[in-house]
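Visitor: Below you will find the structure I want to go over with you.
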Amino acid sequence: MIDVLLNTVMFVPKFGVHSLQVGFFSSRMARFLGLDAAEAFYSGILHDIGVMTPHKGIALDDIDNQFLINQDVPTYESPIKDHTLISSFEISKMSKLSREFPDMSSSVLLHHALPQYLDPSQAKDVLANIISVSEEISKYVIVNDEEMSFDDFKIPLSVISNRYFDFVYEAALNVLKEDYTRWMLYDIKSGYNRERLISDFAFDEKCNFEETIEIGAVLSYIIDSKSQFTREHSWRVAKVASAIAKEIMLNDEEFFIAGLFHDIGKVTTPIQVLEKKGKLEQWEMDIMKKHVYYSFFILLEHKDEPWFLPAVRHQERIDGSGYPWRLTGDVMTFKDKILQVADYFVAVLEPRPYRGQNSPEKAYEEVERAVKNGSLDKGPANILRDLVLGGYDFNSINFMSHIQAEIVDFERSLNEKES
């Protein structure tokens, strides 16, 4: 599931380009200095994951080239910034990454630190400094459409050389002399070779259920918290879908994963569409619908997993009125239909910009209406009815994982310190 984490970052316009450029250049520098290139690659790609997490009024939609150039810079005031704290914290909550790369969280935390705050004898501090210079290289590429020569990089970099250890600065210059490296930076910007670069550092070992849920908890929080109305949506769908599955002795873990990742494509959906009060215009609806298309591509490497099709078919309907493939009930599995019912139920249960939240009973009435209209399957709907009317206490369900709750508390502590 590490690939899903990287793919999600890649699908954020501008930000994904910057992240992959930083990861690539960091890996080249790490090789030159005899450090772990894989750790440098992943640290570089994920160094700003905290920027993706809505905090202090900054949201995904605000991350453009100008933001990266003006806001994402080292200062003499402090070795850390709010987003580096959040990035480090979120990385520490994904045990697969923490075990594979024990120093990643520390390096990411300090990637805006100037040399006086770092120890050149510590590999984690050297990696932090590598990420810092790699960020600057990426910014030069972002703002210059015409390919830069070695001297084009060297001149502006020399002006800020005091931000880096001498040996890190010299390593950056040596790596920049490689035509391959400079050309690849521009290929990344143009959309070429991205998948190949990521595959070069792919994990062979699969994540277990707990590791998958940790990654899903972080990603779904980043995406769902773009809007106050969807803050706990994916976790709710995971809970409801797995509860339905458990009632008929299906593998509830499969449905939990499907529910947790089903809306991953909403990383591309603008906040103004998610939070619009009133009916969406057709072009806005088209944007909203497209999230499932992006979910498909972000999750595609897991197409053989039993949870994949239910996750990416959650907006299909048995009468063929759904999207993106307009499938009918006879070509979908019962598992697909469980996710469709769970997602529909949760969407009606939750508040939206144009209405308040509904009770489980009221939400089920809407599901029942959709069954009568022929869009949802009555099988999983009947199981849901038994849960709703049979005393299943939806109000007692923890609709936010402990990891997500810890991120919320961490963000709150940052706000309290500032005030």
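The values are calculated or read from the model by the stated rules, or taken from the named source; none is laboratory data. None of the values given here were measured: they were computed from a predicted structure. All Cβ positions, glycine included, derive from the backbone under ideal geometry; neighbour counts span all protein chains shown.
Visitor: Does Phe261 fit the bill of being under 21 Å from the mean Cα position of the chain (by Cα), under 27 Å from Glu211 (Cα atoms), crowded, with 19+ Cβ neighbours inside 10 Å and without any contact (Cβ under 8 Å) to a residue 60 or more places away in the chain?
Guide: no
Visitor: I'm trying to understand the selection: among the residues of segment 156-210, which are among the β-branched types (Val, Ile, Thr) and either surrounded by 13 or more Cβ atoms within 10 Å (Cβ to Cβ) or in a loop (DSSP other than H, G, I, E, B) (or both)? Walk me through how you get there before you give the answer.
Guide: First pass over segment 156-210, keeping only residues among the β-branched types (Val, Ile, Thr): 159-160, 168, 175, 181, 188, 198.
Of everything in segment 156-210, those that are among the β-branched types (Val, Ile, Thr) and either surrounded by 13 or more Cβ atoms within 10 Å (Cβ to Cβ) or in a loop (DSSP other than H, G, I, E, B) (or both) turn out to be Ile160, Val168, Val175, Thr181, Ile188, Ile198.
Visitor: Now for a separate question. Right, Val341: of a type in the set (A, V, I, L, M, F, W, C) and modelled with pLDDT of 95 or more or not?
Guide: Taking the combined requirement at face value, the residue satisfies it.
Visitor: Got a number for residues in segment 109-148 being in a loop (DSSP other than H, G, I, E, B), over 22 Å from Ser87 (Cβ atoms) and touching a residue at least 12 places away in the same chain (Cβ under 8 Å)? Walk me through how you get there before you give the answer.
Guide: Initially, segment 109-148 is screened for residues in a loop (DSSP other than H, G, I, E, B), giving 110-114, 118-122, 144-148.
Narrowing the set further to residues that are over 22 Å from Ser87 (Cβ atoms) leaves 120-121, 144-148.
Imposing the further condition that a residue be touching a residue at least 12 places away in the same chain (Cβ under 8 Å) reduces the set to 120, 147-148.
The number of residues fulfilling the criteria is 3.
Visitor: Does at least one position in segment 146-155 carry a residue that is among the small types (Gly, Ala, Ser), more than 17 Å from His18 (Cα to Cα) and either loosely packed, with under 13 Cβ neighbours inside 10 Å or not assigned by TED's automatic domain parsing to the domain that holds Gly16 (or both)?
Guide: Checked against the condition, which is being among the small types (Gly, Ala, Ser), more than 17 Å from His18 (Cα to Cα) and either loosely packed, with under 13 Cβ neighbours inside 10 Å or not assigned by TED's automatic domain parsing to the domain that holds Gly16 (or both), segment 146-155 yields at least one hit.
Visitor: Let me ask another. Which one is modelled with the highest pLDDT, of the residues in segment 370-396 that are under 15 Å from Leu349 (Cα atoms) and of a type outside the set (A, V, I, L, M)?
Guide: Checked segment 370-396; the qualifying residue modelled with the highest pLDDT is Arg385.
Visitor: Another question about this same structure. From the list Glu305, Glu254, Glu214, Glu301, which residue is at pLDDT 90 or above and outside any helix (DSSP H, G or I)?
Guide: Numbers: Glu254 fails: outside any helix (DSSP H, G or I); Glu214 fails: outside any helix (DSSP H, G or I); Glu301 fails: outside any helix (DSSP H, G or I).
Unique residue meeting the criteria: Glu305.
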